[in-house]
Amino acid sequence: MDQLLVALDLDTADEALRMAERLRGSVGGFKVNVHLYTAEGPSLVRQLVERGDRVFLDLKYHDIPNTVANAVAAAARQGVWMLNVHAAGGRAMMDAARAAADDAAQGQAERPLVIAVTVLTSLDRDALAETGCGGGELDRHVERLALLAQDAGLDGVVASPRETPRLRERCGPDFLIVTPGIRTGTVAGDDQSRTSTPAGALAAGASYLVVGRPILRARDPRGAAEAIAAGLSRSR
């Protein structure tokens, strides 16, 4: 199932590579987050890429345009399939990220998809209001950032299932919407506020679903992944 991406939210490269080995062929790719990347560095990404995996590098770049451009170029050299920046970094930063990705493609490397994080799925309206953003109007803030990312030429955004229908309507059928916060049941100690089932997220218009704990914590991770993929196929 190409639309199903597994978050390798694990502590070590050995754990991540073993999990990837178990799941390879049953999912569309793997997300490497800032925790794992900080612990293990780019060598893990290269190993996954060398094994033929699509890697979504989830480092959420948010810095001055030149710094982000250099980071995107470095990620492209590692062979990542997709990476993200924070839309809150602004138009100039996103322009620089897209330009760096385009330059990488001209160097005979495949251009990575560049998407923008809108509002973290751990935040709800009250938490957003505490930051002074959008007066607590979460949906409108997400939409504003998504349109800014699209205007900057990015390939898509990261957004929760709750905002996806409106973003699909406003941004069109080809704009990627990557949806985390996917749950198949109750998760102990869950830190996500805006979640959905896999079928619900797909029905809302998501392009890719990022699933972590429901697969990683399953007794049979591959079986859990295949069950999610089968459910998505039935819901189309």
**Prompt:** Which residue pairs have Cβ atoms closer than 6 Å, lie 6 or more positions apart in sequence or on different chains, and pair a first residue in region 68-86 that is in contact (Cβ under 8 Å) with a residue 40 or more places away in the chain with a second residue that is among the basic types (K, R)?
**Reply:** W81/R54; N84/K60
**Asked** With G79, G52 as the choices, which residue is on the phi > 0 side of the Ramachandran plot and surrounded by fewer than 16 Cβ atoms within 10 Å (Cβ to Cβ)?
**Response** G52
**Request:** Under 6 Å between Cβ atoms, at least 6 apart or on separate chains: pull out the pairs that start in region 141-153 with a residue that is more than 10 Å from T118 (Cβ to Cβ) and end on any residue that is part of a helix (DSSP H, G or I).
**Result:** Q150/C171; A152/R91; A152/M94; A152/D95; G153/R98
**Asked** Would you call L209 at pLDDT 85 or above, surrounded by 24 or more Cβ atoms within 10 Å (Cβ to Cβ), assigned to a strand (DSSP E or B) and in contact with a Ser or Thr (Cβ under 9 Å, 6 or more places away or on another chain)?
**Response** yes
**Asked** Do you know which residues across region 55-71 are assigned to a helix (DSSP H, G or I) and under 29 Å from R18 (Cβ atoms)?
**Response** A71
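This table checks each residue for (1) under 30 Å from G200 (Cα atoms); (2) in a loop (DSSP other than H, G, I, E, B); (3) touching a strand residue (DSSP E or B) at 6+ places or on another chain (Cβ under 9 Å).
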| site | (1), (2), (3) |
| --- | --- |
| M19 | yes, no, yes |
| D53 | yes, yes, yes |
| L83 | yes, no, yes |
| A92 | no, no, no |
| A105 | no, no, no |
| E110 | no, yes, no |
**Message:** Need pairs with beta-carbon distance below 6 Å; first residue without any contact (Cβ under 8 Å) to a residue 24 or more places away in the chain and within region 12-39, second of a type in the set (D, E, K, R) and surrounded by 13 or more Cβ atoms within 10 Å (Cβ to Cβ); sequence gap 6+ or separate chains.
**Reply:** none
**Item:** region 21-49, subset of a type in the set (S, T, Y) and over 30 Å from A203 (Cα atoms), residue surrounded by the most Cβ atoms within 10 Å (Cβ to Cβ)
**Value:** Y37
**Message:** Every residue in region 24-51 that is in a helix (DSSP H, G or I) and farther than 17 Å from V210 by Cβ, please.
**Reply:** T38, A39, E40, P42, S43, L44, R46, Q47, V49, E50
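The values are calculated or read from the model by the stated rules, or taken from the named source; none is laboratory data. Source: prediction; values computed, not measured. Here the Cβ is made from the backbone with ideal geometry for all residues, glycine too, and neighbour counts use every protein chain on show.
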